[in-house]
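Just below is one structure, and these are the notes that go with it.
Just so it is clear, none of the values below were taken in a lab; they were calculated from the coordinates. Quick caveat: nothing in here was measured; it's all calculated off a predicted structure. Every residue, glycine among them, receives a Cβ derived from its backbone with ideal geometry; neighbour counts consider all protein chains shown.
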Amino acid sequence: MVKAVVAGASGGIGQPLSLLLKLCPLVDELALYDVVNTPGVAADLSHISSNAKTTGYLPKDEGAKSAFKNADIIIIPAGIPRKPGMTRDDLFNINAGIVKGLIEVAAEVAPKAFILVISNPVNSTVPISAEVLKAKGVFNPQRLFGVTTLDIVRAETFVAEIAGKSNPQELTVPVIGGHSGETIVPLFSKVSPSVTIPDDKYDALVNRVQFGGDEVVKAKDGLGSATLSMAYAGYRFAEKLLKAAKGAKGLVEPSFIYLDGVPGGKEIKEKTGCDFFSVPVELGPNGAEKAVNILTDLTDKEKKLLDACITGLKGNIEKGITFANKPA
Ligand code: NAI
């Protein structure tokens with residue numbers, strides 16, 4: 001029996017993500033938590049004639065605890081999204097506290113769950129989550145994931161456009177580092193099957209992968225950031241993880257992880273000097289079974305991107321750790 005939880009389930013990401021999970025044959029129980037509207041969202045989804053039993057919870061009567069209790073997978077898109085002109089780091093002041101509170105509940109009632117953090121800034125909310133879990137004595141780095149899949153999904157789409165491929169999903173496009181602006185590092189030299197990016201298009205393509213989210217924020221004109229593509233991306237990661245947990249082999253997807261506790265991660269930590277980093281991760285029954293060291297044989301352009309990423313990312317990680325450890 002698999003129990004999945006969405007925290008922030010009534011939001012722009014939360015609703016379509018919950019719909020996809022409701023349709024997923026791997027999910028037996030779907031618990032929706034939010035500070036508003038979950039009874040309605042859950043009632044609506046519960047009429048779909050699929051397997052998962054769907055229930056909604058609000059904060060009253062310790063609803064978060066009831067929702068999270070004994071969950072196998074908790075996906076967190078709770079918090080505020082960007083408006084035009086905002087960076088993901090501008091969301092820190094509000095979202096850091098929201099994520100911290102939700103992880104405290106998870107640590108207490110579902111210490112073994114896979115936790116997938118979508119709330120931005122991911123570069124800081126994942127370190128916050130790790131610190132909270134450590135403080136509660138239940139941190140398992142193989143089970144905590146910052147969801148960076150949307151960067152990969154965008155990269156697949158944009159590379160396919162330039163390379164003239166009709167099906168973007170046939171491409172594997174590694175995107176590593178963090179999940180904001182210059183910390184997002186696409187490795188076009190490692191696309192499989194390989195593609196040629198013309199020199200005069202390279203910089204614009206990198207920029208589009210790094211700042212593609214801004215296109216959506218601008219087009220939505222004050223109504224938020226990516227929600228539907230993010231729901232797809234979050235679901236894609238969750239589905240792979242659930243399949244891998246059930247024994248499916250060969251499933252790899254980049255994710256922002258704590259390097260030290262995942263096999264293969266130490267080498268990447270030594271190379272980057274970062275405790276957290278997004279790299280392709282082999283998924284399996286324990287979650288992150290192996291961090292794949294893809295940082296070898298980079299092109300000069302990719303090395304430059306990596307240097308810029310590391311500088312920004314270290315500050316974002318430190319900010320999260322400091323927040324999590326400051327006295328209440
Ligand atoms: P939204 O505002 O539409 O939805 C957020 C939901 O969180 C709302 O329903 C709100 O009531 C709920 N919420 C607020 N505080 C809560 C709490 N303490 N407990 C439970 N729920 C709570 O925002 P949207 O567009 O769904 O975005 C959510 C987050 O995802 C934002 O932080 C956004 O920046 C991030 N995001 C991350 C991406 C990624 O690639 N990792 C991509 C796009 C967005």
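Assorted remarks:
- Computed over the alpha-carbon atoms, the chain gives an Rg to Rh ratio of 0.95, Rh here being the Kirkwood radius from the mean inverse distance.
- From least to most packed, judged by other beta carbons within 10 angstrom and beginning with the fewest, THR172, THR148, THR54 follow the order THR172, THR54, THR148.
- Helix 122-135 axis versus longest C-alpha principal axis of the chain: approximately 50°, rounded to the nearest ten.
- Site pair THR322 and ALA308 shows an inter-label distance of 2.4 nm when each label is modelled 7 Å from Cα along Cα→Cβ.
- Residue order for GLU318, GLU104, fewest other beta carbons within 10 angstrom first, comes to GLU318, GLU104.
- Principal axis dimensions, region 152-205 - Cα atoms, whole angstrom, descending: 28, 24, 15
- Between helix 92-109 and the chain there is an angle of about 60 degrees, using the helix long axis and the longest principal axis of the Cα atoms.
- Each Cα pair under 8 Å and six or more residues apart adds its separation to the average, and for the chain the resulting relative contact order is 17 percent.
- Neighbour counts of other Cβ atoms within 10 Å put PHE276, PHE237 in the fewest-to-most order PHE237, PHE276.
- Summed side-chain charge close to VAL217 - residues other than VAL217 whose Cβ falls under 9 Å, Lys, Arg +1, Asp, Glu -1: +1
- Relative packing of 264-272, 285-293, which averages over residues the other C-beta atoms within 10 Å, highest first: 285-293, 264-272
- For region 238-287, the gyration tensor built on C-alpha atoms gives a prolate shape. Its axis ratio a/c (a ≥ b ≥ c) is at least 1.5, and a/b is the larger of a/b and b/c.
- Building the convex hull from the alpha-carbon atoms of region 143-255 and averaging its projection over directions returns 7.8 nm².
- Contact order normalised by residue count of region 39-159, Cα under 8 Å, 6+ apart, percent: 22 percent
- Cα gyration tensor shape of region 170-328, rounded if a/c is under 1.5, else prolate or oblate by comparing a/b with b/c: rounded
- Where a label projected 7 Å from the Cα of LEU23 along Cα→Cβ would reach, residues of region 134-153 with amide N under 19 Å: 150, 153
- Rounded to the nearest 0.05, the FRET efficiency derived from the C-beta distance between ASP221 and SER49 at R0 = 41 Å is 0.65.
- For region 91-151 versus region 176-254, the gap between their alpha-carbon centres in whole angstrom: 20 Å
- Isotropically averaged projected area of region 41-145, using the convex hull of Cα atoms (one quarter of hull area), nm²: 7.8 nm²
- For q = 0.14, 0.19, 0.27 Å⁻¹, Debye-computed log10 I/I(0) when each Cα of region 109-153 counts as one equal scatterer: -0.32, -0.57, -1.00
- Label zone (ILE94, point 7 Å along Cα-to-C-beta; backbone nitrogen cut-off 17 Å) within region 224-239: 224-227.
- Evaluating 6.51 cos²θ - 1.76 cosθ + 1.60 at θ = phi - 60° for every residue in region 193-200, the Karplus couplings come out as x, 5, 10, 10, 9, x, 3, 6 Hz, glycine and proline recorded as x.
- The simple Förster model, with R0 at 51 Å and r as the Cβ-Cβ distance, assigns VAL36 and SER189 a FRET efficiency of 0.65.
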